[in-house]
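The next block holds one structure in the form of structure tokens; read it before the comments.
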Amino acid sequence: QVAAREAREAPAAEQRGGGSGRNYKKPWMDNVPDKKGKEEKGKGVEAGSFLEHVYGSSGSGPDAELIQNLERDCVDRCPSVTWESIAGLEQAKSLLEEAVVLPLVMPEYFQGIRRPWKGVLMFGPPGTGKTMLAKAVATQCSTSFFNVSASTMASKYRGDSEKLVRLLFEMARFYAPTTIFFDEVDALGSKRGDASEHEASRRVKAELLVQMDGVGTTQEDGSEAPAQRQVMVLAATNRPWDLDEALRRRLEKRIYIPLPEAEGRKQLFEINLREVKKGTDVAVQGLVDKTKGYSGADVTNVCREAAMMGLRRRMAKARQEGKSLVEMHNLKQEVDVPVTQADFLEAISNVNRSVGNDDLQRFSDWMKEFGSI
Ligand code: ADP
């Protein structure tokens, strides 16, 4: 086992060159540890897997199934979201670099008063890019990425949730450097004392707090962990006001991820329409003005809808002509027509904005009270 572990860690200690984002490629990214080796690992009881680490090469033991399920549901060894595929959010990107990326790259600087944050919370309306940002951090840092949907976890692993949290962090330390991303974290740590709160969910929350206290650069023996052993906790919520106080305190850095401004929406149109033929009449600025208040996901839906209009029109015509679906297959060339301004306008009228003004006010109030700049 020791040999397997050494073999696993050796490639992680290698250096790699360059970050992943055009605007965000920084010279210090040369110090980011390599994840080579992790990519080659599959699932099951293979040499160097967490399961083997816990139960040896037989891979069987009381928690084996739970571990396998966790690996299947949460672990993404090679996330690949680049910073430039995320529109706007320049401030959030640079806050995340400072709070999460740099401590991994230059741990010797982030000590004492500059110690890294225990955890970072991204809050804001749904569909604004929080999950994408977490993946971009993991991509840029070349860390393993654990994507934990708190509500799935609460329902799917009901009886085992407490043990699951412990295993999750153990696994994260094993595969370090790791970014653990708790999506919908409010589902795990909602306010204490709610009448609906069950004893089981109280225990899960308590375990999460304990585990988060152990996170950071400290190893089991209390010494400073090298960069390649680090575990970072990122969390996201659309309902920050429902967060448990103790959990909120541990998520020390709280970053607001707002709806996209005009420039962000322009970038969203550009990113989403990269592979689509656009008609000569398409005026992106007009579309940007008409989508004020739309989230990133809303604008993406508008683009998707608009891009399908050509096909829909042709299908309606083909139906009138009495053609079957198989015959429509032969119309492939004909449906790939440029998307027109009228297509976009129709798509905008079909896709409503998903975030209301009341919610926006609530976010900015919470930002003023608890947010970080
Ligand atoms: P959240 O986690 O905030 O709910 P996601 O990151 O899951 O939102 O975004 C949902 C989808 O919306 C993404 O898969 C992407 O297609 C689109 N999207 C949202 N915000 C952005 C953004 N800033 N840049 C590019 N795409 C975005």
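Readers should treat all values here as calculations from the given coordinates under stated rules, not as data from a laboratory. Only a predicted model underlies this, so the values are computations on that prediction, with no experimental measurement involved. Positions of Cβ are backbone-derived with ideal geometry, glycine not excepted, and every protein chain shown enters the neighbour counts.
A dipole drawn for the range 81-165 from +1 and -1 charges on Cβ atoms has a positive end, and of Gln140, Tyr109, Thr128 the residue lying farthest that way is Thr128. Label point of Glu84 set 7 angstrom out along Cα-Cβ; within the range 245-277, amide nitrogens under 13 Å from it belong to 271.
Applying both filters, DSSP loop and at most 11 other Cβ atoms within 10 Å, to the chymotrypsin sites (Phe, Trp or Tyr not before Pro) of the range 57-134 gives Tyr109. Computed from label points 7 Å out along Cα-Cβ, the spacing between Arg319 and Ala246 is 5.7 nm. Using R0 = 56 Å, the C-beta based FRET efficiency linking Glu108 and Lys277 works out to 0.65.
Counting only Cβ charges, +1 for Lys and Arg and -1 for Asp and Glu, the dipole size of the range 96-154 around its Cα centre is about 140 debye.
Judged by the mean number of other Cβ atoms found within 10 Å, the most tightly packed of the peptides 177-187, 311-321, 201-211, 283-293 leads the ranking 177-187, 201-211, 283-293, 311-321.
Cross-linked pairs Lys253/Lys290; Lys278/Lys317; Lys118/Lys368; Lys163/Lys253: Cα-Cα separations exceed 29 Å for Lys253/Lys290.
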